[in-house]
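This report refers to the structure that appears directly beneath it.
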Amino acid sequence: MGLRVLWIISHEGGENASIRFSRRFPTVEHRARSLSGSSYVAVPEDSLILQPLLTELGISSSNKSYVAQRDDCIYRPRSPALELRLDGEKTLWPVLNISQGSLILACLPLVDVPSETRPPLSSLLSVSQGLTLLAGLQTFLLGSGGKPYGDGLISRLEMLPSALLQVCPLGTPLDVPLVGVPTTPAVPIPAGTQKQPAWKTGLHRGRAMVNVAVTETVRSMQYGNQSRQDLWDVYGTVTCKCEVEGVLPNVTVTLSLPPNGSPLQDILVHPCVTSLDSSILTSSSVDNLDGSAFSGPYKFPFSPPLEPFRLCSYTSQVPVPPILGLYQLKEEDNQLRLTASLKLHETVKNNFEYCEAHLPLFNRNQMGGADVKVSFGQVDVSKEKNLLVWALGQKFPKSREVSLEAKINFSGQSPGPCDPLCTGLTAYIKLHFKVPDMTLSGCSVDQHSVQVYSSSKPRIATSRELLCKEYYIWNSTGAAPVSFYHL
Amino acid sequence: MAENWYGRMRRFSGGPTRFLSETNVEVFLTELLRELRDDRATFNLKVLLLSPLCEYPDLLCSSDSVGQETALDLMSVFAQCPRKSTQFRSHLLVALTCVLICTSCVRSRSHVALDFLDLLFQVAQDVSDVHNDDTSRSLRATACDCLQEMETCCPGLLSQRLELLSGLRQQETSRLHQVYAGLQTVVLKNAVYQLTQEPGAGAEHLKCLLGGNTSFAWEVDQDAFQTDSKDSAMLSSLIQGSMGMMPTLHTGPDCKELRSVLSSLLEESYLFTPLCQAALLHRLTEVVAMVPGIPPTIFRAQLLRLLGTSEVCLFHATLLMKCAFTDSLFSAEDETFLLKRLLVLSQHPLLSIPEKLFYMDCILHFPENRPISCSDSDEALPVLLTPQLASTLLPTVFNDSATMLARLHLQSLVYLEEGVEESRGLVYLYDHLTSMLNIVESGGSREIVVTFFRAAFLFLLYFSQVHSYCLDLSEQLCRLYLRHTRLAPHLINLANQTQERLPECTWAIGLLRGLQKGITKALLGQLSLQDLSWHLKVLTRVAEEREICQHCSLGFLSSVITTSPLGVGGDWRLGNSFLAVCRRVLLHPTLDSLLIPLADILQHLACYYGDADIQDHARLYYTLLTTVSQEKLAMMLAQEAADNGPQVKKRTLSSLMAENEGLTGALTVHQTETAVLCLTLVSSEGPGESGQLHEKETEDVTDVLEAYRSQFGEPGFMPDVTLKYQLVHKQDQDPRFEQLFNIRLHFVLTDDHYEQLQDINVPCVFKGRPPPVVQLRLKPRQPYPTTLRVSAIFTTQDGFSWHTPLPDVHVAFQQSFLPVPTPPSWSGEARLQLFERLWEEISSETGDCAVSLFCCQLQEAELNVLGNQRSMYICG
């Protein structure tokens, strides 16, 4: 176990790459040397690592359309572990890497399984440890949805040496760096008989509070076509923020489903969950639905860390998609006729935070004229982007059905946006919506079901919401790409 | 000074070996250690100064003794450092650990290493070290990390301290108990392993190990560590997939002590960070696997928590546990559950792509309870993985490249097992390939293009026997190529790789035949220069195939060069592409039947192509074709075809070379990194020359001054300073520069005191032979000292051209002295007379004379030289 070296690299589309930070762990390297004997390949100096890494990632020499080293069709699993070809016949493996934007984080775990051939990745614990550390460092450097540029990154990079002294002083990852200090003041834990969890930096003092939020996300691919089945799926996350006194306080959150609700599947839990009933884990999305499956209540006893965390996640198979759409395009007399209709399912709360349908049209000249009629809502036509944005606001009309008709000619002089996927009549509507206070699966956390074993009575807040992501309605008169993420 | 150190550290980390090669390592290390002891330096700087020792201890400490001295120095810095600067002290401990381990001081149990161990134990047990700032780990934690690393690198080092460590862990209630537990576990695992290697060791020994024996005598077990092979075996993981190699310790069922230690560690494991938990579980798995007296069910209480975890390292540790214990811990249901979990995790929307791909790799190496195949590295699907289950991982066009290819790979294995005949899955995979092809056709990005060709290769690799699909793929690729000729290198690469990986399969030939057909039927009128050059690249590759008839390729070539305006344009690169096809055809086994069309083409190129070089080559090929037998031709050309490596071709064959990277390399002038040659002065023979003149007393001159002056009226008369230099190799050169040919020296003036110099040609310079002498003719405008910049272009034996700088040539003041330019026939007396007349005239300062004074500083030696050069010289 252990990492031999860690690199943090920034680049701009494969150009101007530079190593922003690197850290070698010579004692692990020392072990690597004695473990691999004559087949030992030393980690080259930083200046020699950039080019092989970018080549293997396929982003070097971006101005050349074909580079033999980079574009060879031979299949090698490249992610998450790359094989870097160094000078001569030597190769460096397995270089783990994760990229976000223009930042690449990479490390080289120690291969401590002796093998004639290359051992499988899955036999090396240091691989999953390396991945965990890299992901933790990524969050540390960029924040959870951060941008890789600016002073923030520079100051974070400056903090790295002392952060690494805490979490990986000698090449063995012990923890991931703390992203921020907890918002509420934490006091050091006084000596006592109860052992303090290593993942908890202090004690909470003050009013007890538990906040539980259920967020569900729905994805869908609708084809409006008899020959092709529409697809949709739902996944949910339960995030908690707990401010409770005590070294190891006990909290239990219970998720419940309505009667006849379909069971929660693929449940994954945070490591702070102390125990799990085996029935909670049995339901899986790769199985066929089983009517007799356990359908709650789902109890999660845990001892919370100070910072907000994702208690658990699940998937669910709901019988219908929340919004059913139909999209048809016809090419007539040098213009395109669009008809679209959307229908909100009766079980879905007709109360949106926002709801928008985007109708992009690719691989054509810019729009000339657009004649758009809608039964409801407003349409914003962006001629430069060849995009119609149909804003439906907070509510569907009483009928729960809306429709759009448009005639568009593409008489503009300059070409509009391109997408190699959407040629000919292949086109889609993409929906964006958010519905507060509802979940599709029906999953909810009752305020009274949250149990906190603590001296003071805690304030408990629960919430839920439904979001959509990758919600596509494809033109039924054209070819549509197959997406099989759900069977 | 501090600024200076920041700069030096930056340069060091930019390239340590280069930095150290430019300085004296010992001096650098001494300065570093001195600065660390300096009270004026800030702790921030000191932490930075430790980084070379933390990262490159073996570069700085070249020997054990240097390592020991450095460690002693660092320990004294540690002792003098105020307690409150925890950060710096922690870094110091890390640096010490790195130095001692990497210089083998720990392995050889040197005194420094033992002293340091004592220090670490002192710090680790120092409970008074209460940390004020709870967010940073205390020095105690770092000391434990260092101890753990020492134990990991030198297994068994701390096995005598197990009880002490166990006590420390149990007493500790702060977060630090985790580091004690980590340390204890590593020591425990190594100690148990050591016992397994002792013949006859059993329960009693184990008991001794775990309790009581706190002897501080490090030397006791020194003998056990001398063998390297043992050490390296102890460094590696014991869970390796293939069972039966596990060393075991036979204790019988009675190992209460060990069991209680394990239970207590496992109970507390929940309190550890996921990374430490995973490491702990892995080590305990190894311990339990080595001691059959402990049933693996000891882990059962943790399992449910672990099976549901969202942490990749915890789930991985569980899989490794399964690998070690199979059905003694995991039931058939557990196995099914784990596999389904892996399938779910491999496509979970909330996980990152690297994690998902890692899980997919775990499916390909799933630790089955009853594995069928025994090999530990081959990818084999678990028996439980049905096509139905695997269908959740079908590739889609919405996947990123890596995911898409990994899924295609997995599915190919699934359907290969299922039998391809009636497979619905295969239909899906082929449809998927087609939709990717359509995206490429509609102008997908470079990444999509590369991914598509990789996907196509994977498909062929697994399903080359399914002819209907492969045939269709080949047709589609030809169609794609004609729309996007820039894909030529990808197609050629695909053909090459399928031929190499599937030597039995003729698919590549079919593809090339299809491409040839498509190209040769193309309408010439619509052909762009770009298209044509790609076509010629493809046809060159097609011509390599013995089984493909080349008639239509030649027909195409012939019509391009005779009818298309592109064919005679005179583009050198394009001309080379034409020649490349012809060259390949010259090697084709059916050359006899191609003789006439090929000869026509070559003749046409030789006569009409708009580039002389191409004409020459075409003429040569024509001559070869018409005069040399096919066998000889094949031998001449095959040699070149064989060594397509980076080595440039032999000179004799250079004219037969195809345009390729090797040629480009040969045509480029390369730059040497350092000077290869230099000019060294040959000692002057000035006085000797005048001595010779004395013998020729033939002509009598009446008016010497008049005769002397009249010379200047003659055109072309201008005195010049001739300096002789030897052209010699510099020391320690690359062996390829030992023989240099056709050296052309070029001089650049640095001022305007002299006329421009002509280039000088030297035929060759061989190392070990007398160096050639070159004469530099300086025509002075003003006789001042000067410096000349010198460079040279030469050719090496392998045919490469090089440009190299030479050291500057310095022309000293005294070197610009000249004997009075008198006609060679004058006697010495006449010359003396001339001097006197001139001197008189100058002294009288009448007429047109002017005195020019030049002042320069001369060293004593130069002055002596000046003094020794007797009269009869004037400057310039």
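All told, residue B:117 meets the bar of being closer than 24 Å to residue B:176 by Cα, part of a helix (DSSP H, G or I) and either within 37 Å of the chain's Cα centre (by Cα) or away from every other protein chain (no Cβ under 14 Å) (or both).
Tell me, which helices (runs of 4 or more DSSP H) lie completely within region B:430-527 with 2 or more residues that are within 8 Å of chain A (Cβ to nearest Cβ), surrounded by fewer than 21 Cβ atoms within 10 Å (Cβ to Cβ) and in contact (Cβ under 8 Å) with a residue 40 or more places away in the chain?
In region B:430-527, B:446-463, B:488-501 are the helices (runs of 4 or more DSSP H) which contain 2 or more residues that are within 8 Å of chain A (Cβ to nearest Cβ), surrounded by fewer than 21 Cβ atoms within 10 Å (Cβ to Cβ) and in contact (Cβ under 8 Å) with a residue 40 or more places away in the chain.
Highlighted here are the strands (runs of 3 or more DSSP E) found entirely within region A:384-487 that include at least 2 residues which are away from chain B (no Cβ under 14 Å) and crowded, with 18+ Cβ neighbours inside 10 Å: A:387-391, A:401-409, A:428-436, A:459-474. Counted as qualifying within region B:241-313 are the helices (runs of 4 or more DSSP H) with 1 or more residues that are at the interface with another protein chain (Cβ under 7 Å from one of its Cβ atoms), among the acidic types (Asp, Glu) and surrounded by fewer than 21 Cβ atoms within 10 Å (Cβ to Cβ), namely B:256-268. Counting only residues that are facing chain B (nearest Cβ under 9 Å) and within 30 Å of residue A:63 (Cβ to Cβ), region A:20-52 holds 4 of them.
When each of A:79, A:47 is tested for being in the same structural domain as residue A:141 (by TED's automatic domain parsing), on the phi < 0 side of the Ramachandran plot, surrounded by 21 or more Cβ atoms within 10 Å (Cβ to Cβ) and modelled with pLDDT under 90, the lone residue that passes is A:79.
The residue list A:314, A:327 contains one member that is farther than 17 Å from residue B:337 by Cβ and of a type outside the set (Val, Ile, Thr), which is A:327.
For the list (1) free of Cβ contacts under 8 Å to residues at least 24 places away in the same chain; (2) outside any loop (DSSP other than H, G, I, E, B), I need the number of the one condition that residue A:36 fails. In the conditions (1) free of Cβ contacts under 8 Å to residues at least 24 places away in the same chain; (2) outside any loop (DSSP other than H, G, I, E, B), residue A:36 misses (1) alone.
Checked across region A:113-132, the condition of being within 21 Å of residue B:56 (Cα to Cα), modelled with pLDDT under 95, more than 7 Å from chain B (Cβ to nearest Cβ) and surrounded by fewer than 22 Cβ atoms within 10 Å (Cβ to Cβ) holds for no residue.
Taken together, the criteria exclude residue A:89 from residues that are at pLDDT 95 or above and under 30 Å from residue B:101 (Cβ atoms). The selection criterion, being crowded, with 17+ Cβ neighbours inside 10 Å and either at pLDDT below 75 or of a type outside the set (A, V, I, L, M, F, W, C) (or both), does not hold for residue A:208.
Within region B:77-114, the set of residues being more than 40 Å from the chain's Cα centre (by Cα), closer than 20 Å to residue B:34 by Cβ and either surrounded by fewer than 17 Cβ atoms within 10 Å (Cβ to Cβ) or within 12 Å of another protein chain (Cβ to nearest Cβ) (or both) comprises B:79, B:80, B:82, B:85. Within the option set B:403, B:396, B:326, B:392, being touching a residue at least 24 places away in the same chain (Cβ under 8 Å), of a type outside the set (A, V, I, L, M, F, W, C) and on the phi > 0 side of the Ramachandran plot holds for one residue only, B:326. Looking across region B:729-746, just one residue is at pLDDT below 80 and surrounded by 14 or more Cβ atoms within 10 Å (Cβ to Cβ), and that is B:733.
If you filter region A:53-66 down to residues that are within 23 Å of residue B:406 (Cβ to Cβ) and outside any helix (DSSP H, G or I), you find that the one that is nearest to the other protein chains (Cβ to nearest Cβ) is A:58. Take the conditions under 26 Å from the mean Cα position of the chain (by Cα), part of a loop (DSSP other than H, G, I, E, B), at pLDDT 90 or above and not assigned by TED's automatic domain parsing to the domain that holds residue A:18 and apply them to residue A:176. Does it pass? Answer is yes for this residue. The set of residues in region A:365-378 being assigned to a strand (DSSP E or B) and farther than 19 Å from residue A:335 by Cα consists of A:378 alone. Test residue B:397 against the stated conditions and say whether it is touching a helix residue (DSSP H, G or I) at 6+ places or on another chain (Cβ under 6 Å), under 23 Å from residue A:76 (Cβ atoms) and either in a helix (DSSP H, G or I) or not aliphatic (A, V, I, L, M) (or both). The answer is no for residue B:397.
For region B:464-471, check the following and say yes or no: at least one residue is within 22 Å of residue B:413 (Cα to Cα) and within 36 Å of the chain's Cα centre (by Cα).
yes
There is no residue in region A:221-235 that is of a type in the set (Lys, Arg) and buried (at least 17 other Cβ atoms within 10 Å of the Cβ). Number of residues in region A:81-102 that are more than 15 Å from residue A:51 (Cα to Cα) and in contact with a Pro (Cβ under 8 Å, 6 or more places away or on another chain) equals 7.
Annotation note: of B:400, B:361, B:378, the sole residue that is farther than 30 Å from residue B:486 by Cβ, modelled with pLDDT of 90 or more, touching a Ser or Thr at 6+ places or on another chain (Cβ under 9 Å) and not aromatic (Phe, Trp, Tyr) is B:361. Select from region A:245-258 the residues that are surrounded by fewer than 22 Cβ atoms within 10 Å (Cβ to Cβ) and not hydroxyl-bearing (Ser, Thr, Tyr) and write down the one among them that is farthest from residue A:270 (Cα to Cα). Checked region A:245-258; the qualifying residue farthest from residue A:270 (Cα to Cα) is A:258. Identify, please: which residue in region B:121-162 is of a type in the set (Asp, Glu) and modelled with pLDDT of 90 or more and is, among those, farthest from residue A:203 (Cα to Cα)? Filtering region B:121-162 for residues that are of a type in the set (Asp, Glu) and modelled with pLDDT of 90 or more, the one farthest from residue A:203 (Cα to Cα) comes out as B:151.
The values are calculated or read from the model by the stated rules, or taken from the named source; none is laboratory data. Computed from a predicted structure; not experimentally measured. Reconstructed Cβ throughout: ideal geometry from the backbone, glycine too, with neighbour counts over all protein chains shown.
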